[in-house]
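Note sheet for the following structure.
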Amino acid sequence: MKRGYADYEPLTPGRRAVTSIDRLRRGPFRTAQLNLVGWSALLASCLAAWLLTRYAMQHLSGPGWPPWCAAALPLGAVFVIDRRRDKALRAKQIRVRLAEPTDLEALPAIEKSGDVAFREVGMDLVADSEPPDQTAYLPACAARRLWVACDAHDEPIGFVRVELVDALPHVEQVSVLPSQAGRHTGAVLLAHAADWARGAGYPRMTLRTFTEVPWNGPYYERLGWRVLPEADYGPQLQALAEHERAFGLTRWPRQAMVLDLTGPGVIY
Ligand SMILES: CC(C)(COP(=O)(O)OP(=O)(O)OC[C@H]1O[C@@H](n2cnc3c(N)ncnc32)[C@H](O)[C@@H]1OP(=O)(O)O)[C@@H](O)C(=O)NCCC(=O)NCCS
């Protein structure tokens, strides 16, 4: 089973809760934290690989490129590790806070900004749909279930809105400005929502999303969410699915997903 940041360990008394944020920093983004010594060691191994292969090649006939390939392998590893480390460091720097009423004005535009990606994959119906009026975010804001990720000027660049559906937290929307995408802002926002839900004692949370859109179903799966079979829908989740069907959204496969907040593994 794939592990995501939200595959929590069960809590036992006296043991510190491993929060989603901790997992985000330590789990899927676990990397070698290379310092000067680490970099030197890796570069030395490149040199050693190159020398060894060159020495071996002197006893064989053939082209001269294998030593360079051998030297390039550790370098490639360094490159990959460093990119992952960079992503993890960026995730740590993302600032998330509860939304304030003054933030609400910015949220419809952030939600609308995601439409470009849907248009690119031919989902015009989704791209053309209007975002909710800013008053739609008020109840979640008042209930402290709306978080914003902010830039250096404390301006929102993304948000996650959680509603209660069948008495469970339900991610109604998570959106990040395309200009800020790919820095794990979405994952950090979802981690904050999961930490809140877990801290409030909820056993799981839900959402509905497109099954095949890469930044929807597969994305949530990488973050530890699992598909919720339709038989396990509560009445309100069922009603949501019906509403989506009436609106025409189910032209593309959609699914409900669930995040287990009580222990590792799937809940069904
Ligand atoms: C979903 C969303 C919030 C993610 O925000 P983000 O800050 O870019 O998220 P992250 O950086 O944590 O991760 C984005 C992931 O989606 C993938 N992704 C994003 N856009 C993609 C695209 N056009 N094609 C393929 N993959 C894409 C990235 O590869 C990345 O994968 P990774 O986790 O393996 O690196 C953002 O893409 C968005 O606002 N989308 C439009 C609104 C939306 O669809 N919301 C979800 C509704 S259920």
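The values are calculated or read from the model by the stated rules, or taken from the named source; none is laboratory data. Owing to the predicted nature of the structure, the values given are computational and were not obtained by experimental measurement. As a convention, Cβ positions derive from the backbone with ideal geometry for all residues, glycine included, and neighbour counts pool all protein chains shown.
Within the stretch 211-231, the set of residues being closer than 13 Å to A256 by Cα and within 7 Å of the ligand (Cβ to nearest atom) comprises just one member, N216. Among the residues of the stretch 107-122, those identified as touching a residue at least 24 places away in the same chain (Cβ under 8 Å) and either crowded, with 18+ Cβ neighbours inside 10 Å or not aliphatic (A, V, I, L, M) (or both) are L107, P108, I110, E111, S113, G114, F118. Of the numbered criteria (1) of a type in the set (D, E, K, R); (2) more than 17 Å from R208 (Cα to Cα); (3) out of contact with any strand residue (DSSP E or B) (no Cβ under 6 Å at 6 or more places or on another chain), the one D151 fails is (3). In the stretch 150-180, the qualifying residues are those that are within 8 Å of the ligand (Cβ to nearest atom) and over 20 Å from M257 (Cβ atoms), and the one that is modelled with the lowest pLDDT is Q180.
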